[in-house]
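This report refers to the structure that appears directly beneath it.
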Amino acid sequence: MKKIALTLIMVIPFMVSCVDENKNESNSEVKNEMNISLDFIDKWNQLELAHTDDKYGEWGGDSDVILVYSDGKKTYADYSKYLGSYEPPMPPKKNEKPKKWYEYKMLELKIDSIELNNVEIDLIEKAIVELVKKKINNRSSFSHAGIVNRVISSDSSFIIKDYPSNDWVTFKKLKKKLTEK
């Protein structure tokens, strides 16, 4: 009996320390997973986060676009909301400079040059991680209608597009913070 008690006294602290180490490793993995950086955003490279709902079925819907950029010292964002329609977009005018696909929609709201603080930059990083997880776990097959969520860098070296997607919670939080400034 003394041998069993002595063995337990020696083994239990070792087992507890192993459990603590595994717990710390999994916590550090979660922290590392969320530890991304927007350092690639500079004077020449911007990041566009966009969400288009499915308000009009196969014609798409309203689009919220957040453009993140930097002047080399501070990070800024522009927010735009474009309205969808059942009508097809107007064709480009002759000799008109090409536009992005959503710029052919009617612009409802535009807020330029919102200086971002650390909380908003953190929300952008979390929104990217959330969209990556959505894309990886999306088992949906191709569809003619649905929500489209995407993140694209202006140099096209970073593209995440999830379609058909669903609610992008962190993007909505970011949009709310930017529109309340």
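Data for the structure
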| item | result |
| --- | --- |
| Residues of the range 107-143 classified as within 24 Å of GLU58 (Cβ to Cβ) and out of contact with any Pro (no Cβ under 9 Å at 6 or more places or on another chain), total | 6 |
| Selection within the range 151-176 - of a type in the set (Val, Ile, Thr), in a strand (DSSP E or B) and open to solvent by 20 Å² or more (accessible area, probe 1.4 Å) | ILE152, ILE159 |
| Unmet requirement for SER143, which otherwise passes all of (1) in a loop (DSSP other than H, G, I, E, B); (2) under 20 Å from PHE40 (Cβ atoms) | (2) |
| Considering residues of the range 93-110 that are in contact (Cβ under 8 Å) with a residue 12 or more places away in the chain and out of contact with any Leu (no Cβ under 7 Å at 6 or more places or on another chain) only, the residue least open to solvent (accessible area, probe 1.4 Å) | TYR102 |
| Exclusive hit being surrounded by 14 or more Cβ atoms within 10 Å (Cβ to Cβ) and touching a Pro at 6+ places or on another chain (Cβ under 9 Å), set VAL68, VAL148 | VAL148 |
| Residue satisfying condition, being of a type in the set (Asp, Glu) and over 22 Å from the mean Cα position of the chain (by Cα), within set GLU103, GLU87 | GLU87 |
| GLY57 vs. criteria crowded, with 19+ Cβ neighbours inside 10 Å and modelled with pLDDT under 95 | no |
| Number of positions in the range 60-117 that are under 25 Å from ASP39 (Cβ atoms) and among the basic types (Lys, Arg) | 3 |
| Filter result for LYS133 (exposed (fewer than 15 other Cβ atoms within 10 Å of the Cβ) and modelled with pLDDT of 95 or more) | no |
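The values are calculated or read from the model by the stated rules, or taken from the named source; none is laboratory data. This is a predicted model, so every value here is computed, not measured. Backbone-built Cβ (ideal geometry, glycine too); neighbour counts: all protein chains shown. Side chains are part of the model used for accessible areas, which takes the heavy atoms of the whole protein and leaves out ligands, DNA and RNA. Shrake-Rupley method; radii C 1.70, N 1.55, O 1.52, S 1.80 Å.
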